[in-house]
Structure formats: structure tokens, C-alpha cells
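Structure, as C-alpha cells:
Derivation of every value follows stated rules applied to the coordinates shown; laboratory data play no part. Predicted model only: the values in this text are computed from it and were never measured. When we count neighbours, we look across all protein chains shown, and the Cβ atoms used for this are built from the backbone with ideal geometry, even at glycine.
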Amino acid sequence: MASDLLARIRLNGDVPRHVAVIMDGNGRWARQRGLPRHLGHREGMKSVREAIEGSVDAGIEILTLFAFSTENWQRPAREVSALMGLLQRYARKEREELRRQGVEVHVLGELDRVDPGTRQAVEAIVEGTRGGDRLRLNLMISYGGREEIVRAARELAARVREGALAPSQIDESLFQSSLFTAGVPDPDLLIRTSGEYRISNFLLWQLAYTEIHISPVLWPDFNREHLWEAVEDYQRRERRFGRVSAT
Ligand code: FPP
């Protein structure tokens, strides 16, 4: 039973602090039903709610969702605009409920490329949920891992050129603080849905030691029990961070 699973993972104690998710399979979900792709994305919003509430219930502190990648800009204009419309609607509709649930929303990515209406809506959800202390939700929008690393390198190079920084001062910690995820601990667990074994340019720096769980479930069918199953799988792993086991 679902509540048994929740009780079990809470009892195990070692709940991942930060879970990141590649929400894949919306298109296939729609195709299987003879529906247009955008209806798969719309259905996927229900799973976003499930993942958020399931995270709060499990005691996960940070949930990072890959909502729109830099590569997604190359999809047909109609699909891009449907996705932006969904994000906008989501940001407007869920703001109050997320605030009530104690969810603090952050939006990370190249937001300059996002249309003004969507940008305004996401800025408003960030503003309206500030201070939520049960879950930090990172929505990755117009995000690409390589671009993030290049952007950080460019920023550090500019500081070196200004004379504000010596190359020898650039270390992992300074580099981390130049990424979109500055100050956020690396994910403990990455979940990818729809059975694909790829990272797809997501959090390339941050996933160095992250445990990966691949779920066969298409994102619109993903619910909180699937999330808890992933957590239980994580709790069976032995994390060594490149070292030898303690036993
Ligand atoms: C991948 O499925 C999913 C996306 C590109 C977008 C994810 C967006 C949502 C779940 C909806 C809105 C999100 C929020 C946070 C409100 P795909 O289209 O690549 O599926 P396919 O591989 O089956 O074609």
C-alpha cells in the first residue's frame, strides 16, 4: 500500500535531500492515445503536482524539475508556444496553493529567451512563494547544462580580465557558485521517466555523484508512489563518492 511505502522510506531515515527529475514521455503518452503532443504536456502537469506533494510527504527538501531545455527551443513553434502557455498557466494557477503548502519556487535558466508574458508569470510565482520552508522547487526553464558551464566560465574570465580574480583562485567551489544552482547542494537522486538512459544535457556539473533511477513510467502516468519507489531504490544504494566502502 502507498502509505506503507511512505512509512517504510521515512523509517529507513536516509531520504535524499535533493531530487532532480527529467520528466520524459509526454509525447509518447499522447501518441499512444491518438492525441496531439500538447495534451501529453498538459497531462504532465498533474504529475508535477504529484511529485511536489510526494516530496513534501517524504521529507525531501529540494525538488528540481527539467521543464524546458535549451534544445526544446528547436521543437515546432506550435509545441514551444503550447509549453510556454502551460508554464504560464501553471505559474498563475498554482501560486497560491504552492504558497499554502510551503513550497518556495525558484526558476533557473536562460530566461531572456522566454516571452515577456511567461517571464512575468514565473517571476510572480517566485515572488509569491518566497519564504516557503517545506520544499524548495527549482523549475529549470530554457536550461542546458553545457550552456550553464560556458556561461560560468565566461563570467569568471571577465572577472579575471578586470583584475578582480586570479586564475589560481578558480576552484570547484568558486565555479559552483557561478552556476545557476549556486548555493544549492548537488542532487542525491536523479529520476528519469519513460525508460530512457540519458542525461540529456541536464545538470552536467551537479550530477557528478548523483544516484540515477530510471523509471519505465511515462511522465503523465508518474505519481507520488513512483517517486517513493525511486527513493526506496536510492536507499538500497551504497554511495561511495569515488572512495572505498566503509565496511
Ligand atoms: C518531455 O516529454 C517533456 C517536456 C519537454 C516538457 C515537460 C513539461 C511538463 C511536464 C509540463 C509543464 C511543467 C511544469 C513544471 C508546469 P517529450 O515531449 O520529450 O516526450 P516524448 O519523448 O515521449 O516525445
Sorted largest first, extent of region 101-247 alpha carbons per principal axis (Å): 51, 49, 30
Distant-in-sequence amide H partners of Asn138 (H built 1.01 Å from N, under 5 Å): Leu63, Thr64, Leu65, His106
Phi-based couplings in Hz for region 124-141 (Karplus 6.51, -1.76, 1.60; Gly and Pro marked x): 5, 6, 5, 4, x, 10, 4, x, x, 10, 9, 8, 9, 10, 9, 9, 8, 10
Amide H within-cut-off set for Ser194, under 5 Å, with H built and near neighbours excluded: Ser215, Val217, Leu218, Trp219
Over the chain: helical MRE at 222 nm, DSSP H runs n ≥ 4 each giving -39500 (n - 2.57), nearest 500: -14500 deg cm²/dmol
Calculated from backbone phi, Karplus (6.51, -1.76, 1.60) coupling profile of region 86-102 in Hz, x at Gly/Pro: 5, 4, 5, 5, 4, 4, 6, 6, 9, 3, 5, 5, 5, 4, 4, 7, x
Distance between region 87-137 and region 179-225 - C-alpha centres, whole angstrom: 20
Over the chain, relative contact order from alpha-carbon pairs under 8 Å, at least 6 apart, %: 29
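Can you list the equivalent-ellipsoid semi-axes of region 1-115, largest first and in whole Å, using the square root of 5 times each Cα gyration tensor eigenvalue?
So the equivalent ellipsoid measures 28, 18, 13 Å along its semi-axes.
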Farthest positive-ward along the chain dipole, Cα basis, beta-carbon charges - from Leu87, Ile191, Leu5: Leu87
Cα-projected label distance for Ser81 with Tyr209, points at 7 Å along beta-carbon direction, nm: 4.7
Rounded to the nearest 20 debye, dipole of the chain from Cβ charges on Lys, Arg, Asp, Glu: 540
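Any idea what the alpha-carbon Rg over 2.2 N^0.38 Å comes to for the chain?
Working: Rg = 18.6 Å, N = 247, 2.2 N^0.38 = 17.9 Å.
Compactness ratio reported: 1.04.
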Whole-Hz couplings from phi, Karplus 6.51/-1.76/1.60, listed for region 110-119; x for Gly and Pro: 7, 6, 4, 7, 7, 5, x, x, 5, 4
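For region 90-183, divide the Cα radius of gyration by the Kirkwood radius and give the resulting Rg/Rh value with two decimals.
Working: Rg = 16.1 Å, Rh = 14.9 Å.
Ratio value, two decimals: 1.08.
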